[in-house]
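Contents: one structure, followed by commentary.
The values are calculated or read from the model by the stated rules, or taken from the named source; none is laboratory data. This is a predicted model, so every value here is computed, not measured. When we count neighbours, we look across all protein chains shown, and the Cβ atoms used for this are built from the backbone with ideal geometry, even at glycine.
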Amino acid sequence: MIRLQRCATCGTSQYPPRAFCGACLSDAVMWEEADALPARVLARSRLHHSNEPRFRARLPLTLGLVQFAAGPVALCFLAEQAVAGADVRVRMGADDLLEAE
Amino acid sequence: MTARDYRGVALCCPVTVPYLRRSPHGAAWFLAGALRLLLQASGIAKTDIDGLCASSFTLLPDTSVAFAQHVGVSPRFLEWLPMGGACGIVALRRAARAVQAGDAEIVACIAGDTANETSFRDLLAGFSTFAREAVYPYGAGGPNASFALIADAYMRATGATRADFGKLAVAQRRNAQRNPLALLRGDLSLDQFLAARMIAEPLCLYDCVMPCAGADGFLVMSEDRARHLRLPFVAVCGAIERHNAFPGDPVQLRGGWAQDRDALWAQAGIGPADVQLVETYDDYPVIAMLQFEGLGLCAEGEAPAFVRRHDFTVEGTLPHNTGGGQLSMGQAGAAGGYLGLVEAMRQLLGAAHGWQVAKARHALVSGFGMINYDRGLCSAAAVLGRV
């Protein structure tokens, strides 16, 4: 399940998570869960260099900056065919990392 | 309310502890080296320093507090400025206000870092809570990956090409070839730039700064004190900073400069056409282009055309990153936030022997720092003037 924080006081969604709402500073933040969340690809990059040996065998990795329909922006792994501007669905993938396709 | 000007403040003694690709020394060694060079250059005693601004990533867990004990100074004004690429201009602003207010007479501003096999990776892995959770696990590309995404969005928004980025990098390399302090001085052609291996598309090897070790520094005092000490100095015509600007922009296509540039030029009493050299924070050429736009050298989205019509070498139509910038000098951690400032001071003092810009009267310097999550959060700029 993918989880996005939403403020119970002002309704703002946010990512990355924090202990309070970045808009109104209320600490009444809730989690909204879904199998997948709709988002749009803002930018993409194919990563050819990693600072961690554990990623090197998997290079190149395709990364995307996506904006959830609810507003927040997230960095995620991106499917090859998802170009900038494309509508995608973001899921929680392996190692609890976001994947969009 | 309009901010008070910086009249009466003198910037003196730009110093650099020569950059090294790697070093067995810790950050304190580099910062102490900068302080030693400041004392040598100014002729003042260590006890004359009653203000200190310091910045470093690899000094942690120590800060300027511990460093004061290490080097045996007892300042009555002390700052620790973790603003990365903006820390030099922020230090200038803090120190200048302290001098104007009488909270300190001579402020040493220093920044430096060491570099070894693991320091850069450790820095990236623990850079911020957001980075630890929501950036680094996605391939550990570090700032290369984050800025690649910004560059991708910027290219589609403006029509910028890799050749535009390359033109800036190649001009800086030509400038660096005249500067003995630059680490990277081999020939670099546009063809080589375009053929270089990709690091994070669209960024190639020569788009990315090389992490290294080193330190930079300068002194801030009153003009009266500088004259009394017979130290040549540079004036602060204007300076701005802004943090977490435009948080509603989904992708960072502008830094904070756009919000404050009118105040900067009004304070300086000159316009963008009146500077003879520009020192931007060039962790990537695309970020230099954001600064050209943000600071009013060209309109928003028009940096590609601006880059195509200018020659950025020391003798060119707009000398830019005249010592080679970080792309050719190396990025010595927090010292990267001082490099442009120190270089502009050298130019205005006529001390850039071998790479001097002719008739340099005013310089624009800008800083950009701290990619906490998806964007650089700290923007700063200063206009400096020859006295």
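A single member of B:L124, B:L81 is aliphatic (A, V, I, L, M), free of Cβ contacts under 8 Å to residues at least 40 places away in the same chain, within 14 Å of chain A (Cβ to nearest Cβ) and surrounded by 18 or more Cβ atoms within 10 Å (Cβ to Cβ), and it is B:L124.
Residues that are polar (S, T, N, Q), under 13 Å from A:A74 (Cα atoms) and in contact with a Ser or Thr (Cβ under 9 Å, 6 or more places away or on another chain) within region A:1-27 comprise just one, A:Q5. The single residue among A:A100, A:A94 that is loosely packed, with under 15 Cβ neighbours inside 10 Å and not polar (S, T, N, Q) turns out to be A:A94. B:I240: assigned to a strand (DSSP E or B) and within 14 Å of chain A (Cβ to nearest Cβ), yes or no? Here the answer is no, as B:I240 does not meet what is asked.
Name the single residue that is nearest to the chain's Cα centre (by Cα) among those in region A:34-82 being more than 10 Å from every other protein chain (Cβ to nearest Cβ) and among the small types (G, A, S). By that ranking, first place goes to A:A39.
Take the conditions (1) surrounded by fewer than 24 Cβ atoms within 10 Å (Cβ to Cβ); (2) outside any loop (DSSP other than H, G, I, E, B); B:I270 misses just one of them, which is (2). Taking residues in region B:339-364 that are of a type in the set (V, I, T), and partners anywhere that are part of a helix (DSSP H, G or I), the pairs with Cβ atoms closer than 7 Å and at least 6 places apart or on different chains are B:V357/B:Q347. Just one of the numbered conditions (1) acidic (D, E); (2) touching a residue at least 12 places away in the same chain (Cβ under 8 Å); (3) outside any strand (DSSP E or B) is not true of B:D191: (2).
There is at least one residue in region A:21-42 that is modelled with pLDDT of 95 or more and touching a helix residue (DSSP H, G or I) at 6+ places or on another chain (Cβ under 7 Å).
Filtering region B:127-164 to residues that are buried (at least 20 other Cβ atoms within 10 Å of the Cβ), in a loop (DSSP other than H, G, I, E, B) and more than 7 Å from chain A (Cβ to nearest Cβ) leaves B:F127, B:Y136, B:A160.
Per-residue answers, yes or no, for (1) part of a helix (DSSP H, G or I); (2) out of contact with any Leu (no Cβ under 9 Å at 6 or more places or on another chain); (3) within 14 Å of another protein chain (Cβ to nearest Cβ); (4) surrounded by fewer than 18 Cβ atoms within 10 Å (Cβ to Cβ):
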site: B:D262; (1), (2), (3), (4): yes, yes, no, yes
site: B:W265; (1), (2), (3), (4): yes, no, no, no
site: B:D283; (1), (2), (3), (4): no, no, no, no
site: B:L290; (1), (2), (3), (4): yes, no, no, no
site: B:G296; (1), (2), (3), (4): no, no, no, no
site: B:F312; (1), (2), (3), (4): no, no, no, no
site: B:Q326; (1), (2), (3), (4): yes, no, no, no
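Listed conditions (1) more than 30 Å from B:G33 (Cα to Cα); (2) in a loop (DSSP other than H, G, I, E, B); (3) touching a residue at least 12 places away in the same chain (Cβ under 8 Å) are all met by B:K167, apart from (2). Listed here are the strands (runs of 3 or more DSSP E) enclosed by region B:1-107 that have at least 1 residues being in contact with a helix residue (DSSP H, G or I) (Cβ under 8 Å, 6 or more places away or on another chain) and acidic (D, E): B:77-80. State yes or no: is B:L188 away from chain A (no Cβ under 14 Å) and touching a Lys or Arg at 6+ places or on another chain (Cβ under 7 Å)? Against the criterion (away from chain A (no Cβ under 14 Å) and touching a Lys or Arg at 6+ places or on another chain (Cβ under 7 Å)), B:L188 qualifies. One residue stands out among those in region A:1-16 that are over 11 Å from the mean Cα position of the chain (by Cα) and not hydroxyl-bearing (S, T, Y): the one that is nearest to the other protein chains (Cβ to nearest Cβ), which is A:Q5.
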